[in-house]
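A quick write-up on the structure given underneath.
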Amino acid sequence: MAEKSKSRPRSGCPVSMSLEQFGDRWSLLMIRDMMVRGYHTFKEFRESGEGISTNVLSDRLRTLEAAGILLTEPDETDARRLNYRLTQKGIDLAPVMLELLIWGAKYESTAAPCAFIVQMENCRAQVLAETYKRWRERDSTPLIPRFNEMPQDNPMRNSERRKR
């Protein structure tokens, strides 16, 4: 298969250039899943509950690898299978992902319990430190469970609660 040629950036803006590497929703959700849920296999991404198709998943994994955001490693138990791991460049997105999570819960109706988001917001440094620690140690224990698996502290929308 022919490799895609690198397109010319739209502008020299760092935000624009960053979004060209990982700016679609699927890539961001996959980065989230590697970073905070400990996912590292194609199957885990496919079964994440987000509804990504296999062809889009394959494409995004290749794109993120080409951008240096993730790398592939052979599975220790079956060398025919690949595991995906964030690179230093990928894990350096942790502060961005944390802020997106807090921002989304603040302004949208989400399944994230308000108390959990407030705790994350108030403890940003600790959350980031734990994220980096788990990455260094290759600890795939979920940092944040799926929100639909967490007890809800209040059915009120997060954005409405924050207004108080």
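Structural remarks
- Here the spin labels are modelled as points 7 Å beyond Cα on the Cα-Cβ line, and at SER53 and THR141 they lie 3.9 nm apart.
- Distance from the Cα centroid of the stretch 70-104 to that of the stretch 12-29 is 15 Å (rounded to whole angstrom).
- With a simple spin-label model that places each label point 7 Å from the Cα along the Cα-to-Cβ direction, the separation between ALA111 and GLN88 comes to 3.6 nm.
- Trypsin sites (Lys or Arg not before Pro) within the stretch 56-147, DSSP loop, no more than 15 other Cβ atoms inside 10 Å: ARG80, ARG81, ARG138, ARG146
- The label-point distance for ARG124 and LYS43, in a model that sets each label 7 Å from Cα toward Cβ, rounds to 3.9 nm.
- In whole angstrom, the stretch 15-75 maps to an equivalent ellipsoid with semi-axes of 18, 13, 11, each derived as √(5λ) from the alpha carbon gyration tensor and ordered largest first.
- Put simply, the amide H of ASN83, placed in the peptide plane, has neighbours under 5 Å in GLU73, ASP75, leaving out anything fewer than 5 places away on its chain.
- Residue-wise HN-Hα couplings along the stretch 131-141, as the Karplus relation 6.51 cos²θ - 1.76 cosθ + 1.60 with θ = phi - 60° gives them from phi, are 4, 5, 4, 5, 5, 4, 8, 6, 8, 9, 4 Hz; Gly and Pro carry x.
- Volume in Å³ per residue [convex hull over Cα atoms, computed for the stretch 15-162]: 119
- Other-chain or far-sequence residues with amide H under 5 Å of TYR39's (modelled H): MET34
Values quoted throughout were computed directly from the atomic coordinates according to the rules given, and no laboratory measurement underlies them. It should be emphasised that the depicted structure is a prediction, and the values quoted were computed from it without experimental measurement. All Cβ positions, even for glycine, are placed from backbone atoms using ideal geometry, and neighbour counts span all protein chains on display.
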